[in-house]
Amino acid sequence: MTANKDTDIPVIDDSAETPVTVRLAGPEDLVAITKAHQRALGPGRYALTAYRVREGTPPLSQFCHVAESGKDILAAVRFTPVSIGGRSGALLLGPVAVDPNHLNQGLGQAVINAGIARARESGAQLVVLVGDSTYYGRLGFAPVPPGQIRFPGPVNPARILAMEFVEGALGGFKGEIRASDGLI
Ligand SMILES: CC(C)(COP(=O)(O)OP(=O)(O)OC[C@H]1O[C@@H](n2cnc3c(N)ncnc32)[C@H](O)[C@@H]1OP(=O)(O)O)[C@@H](O)C(=O)NCCC(=O)NCCS
């Protein structure tokens, strides 16, 4: 991935005919994002932990990103501000979905990293998720000690992962995770 010098917007493979751009998601993307999640995650997606925590919250936060090529949304990630044990300052990552025709091209990592960069700048202390440690470990996520963060419904403790922006921040977040109004 390189930076487009004119706009400073991150792009992937700018030698391609239609470059891929990673940008913040807006309301105009909602239909395409929903379709991307439908395609990648199927009808069972509402049972996913990220959906359960997000229930009743606005569909987009200021951290959600998409990767687009021309008019096509190829990847989308959502981030939801959450409180953990009543303490705000954390974000829940998920779901993330990449168009099945564009897997393994770095799009998943690109949208995730863009959201993380914005979260860091915005003063968040922590990003948590429920996911595969092989994939997210490479992006800098590490396992949360079992029992420290409680999710709605059953979750495999080995899949609860976090990235701290300040060393030791994770230690201050213990208890039930809930969607919250904002970061602070
Ligand atoms: C998981 C997903 C987002 C990865 O996106 P992607 O753009 O294809 O992946 P990237 O290009 O960022 O990374 C590719 C690398 O990650 C690996 N990878 C992809 N999915 C993985 C997974 N679930 N577990 C472990 N490694 C994985 C690939 O093998 C590849 O490894 P390599 O670089 O050694 O070849 C994508 O496969 C997807 O949309 N899957 C369906 C929806 C889903 O499962 N979402 C996550 C739960 S909400």
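The values are calculated or read from the model by the stated rules, or taken from the named source; none is laboratory data. Keep in mind it's a predicted model, so treat the numbers as computed, not measured. Don't worry about glycine lacking a Cβ; one is built from the backbone with ideal geometry, like all the others, and counts go over all protein chains shown.
The set of residues from segment 148-180 being in contact with a strand residue (DSSP E or B) (Cβ under 7 Å, 6 or more places away or on another chain) and at positive phi comprises just one member, G175.
In the set (1) within 16 Å of the ligand (Cβ to nearest atom); (2) surrounded by fewer than 17 Cβ atoms within 10 Å (Cβ to Cβ), F141 fails one condition alone, (2).
From the set of residues in segment 69-128 that are among the polar types (S, T, N, Q), near the ligand (Cβ under 8 Å from one of its atoms) and touching a residue at least 24 places away in the same chain (Cβ under 8 Å), which is nearest to F173 (Cα to Cα)? Here the residue is Q109. Restricted to segment 35-57, and to residues there that are surrounded by 14 or more Cβ atoms within 10 Å (Cβ to Cβ) and closer than 20 Å to L103 by Cβ, the residue that is farthest from the ligand (Cβ to nearest atom) is K35. Among the criteria (1) under 23 Å from S122 (Cα atoms); (2) modelled with pLDDT of 90 or more; (3) outside any strand (DSSP E or B), the one A32 does not fulfil is (1).
Restricting V77, V111, V98, V82 to those that are under 17 Å from Q38 (Cα atoms) and buried (at least 24 other Cβ atoms within 10 Å of the Cβ) reduces the list to V77. The number of residues in segment 57-75 being more than 22 Å from N104 (Cβ to Cβ) and out of contact with any strand residue (DSSP E or B) (no Cβ under 7 Å at 6 or more places or on another chain) comes to 5. The set of residues in segment 50-68 being in contact (Cβ under 8 Å) with a residue 60 or more places away in the chain and over 17 Å from L183 (Cβ atoms) consists of A50, R52, E55, G56.
Could you check, for segment 124-134, whether at least one of its residues is more than 20 Å from Y51 (Cα to Cα) and among the aliphatic types (A, V, I, L, M)? Yes, there is a match, as at least one residue in segment 124-134 is more than 20 Å from Y51 (Cα to Cα) and among the aliphatic types (A, V, I, L, M). For segment 106-139, residues that are of a type in the set (A, V, I, L, M) and either part of a strand (DSSP E or B) or in contact with a Cys (Cβ under 8 Å, 6 or more places away or on another chain) (or both) total 5. Scanning segment 22-34 for residues that are more than 14 Å from the chain's Cα centre (by Cα) and surrounded by fewer than 19 Cβ atoms within 10 Å (Cβ to Cβ) returns G26, P27, E28, L30, V31, A32, T34. Scan segment 79-100 and tell me whether some residue there is assigned to a loop (DSSP other than H, G, I, E, B), in contact with a Phe, Trp or Tyr (Cβ under 8 Å, 6 or more places away or on another chain) and not charged (D, E, K, R). Yes, segment 79-100 contains at least one residue that is assigned to a loop (DSSP other than H, G, I, E, B), in contact with a Phe, Trp or Tyr (Cβ under 8 Å, 6 or more places away or on another chain) and not charged (D, E, K, R). With respect to the stated conditions, R120 fails to be surrounded by fewer than 18 Cβ atoms within 10 Å (Cβ to Cβ), among the charged types (D, E, K, R) and farther than 21 Å from C64 by Cβ.
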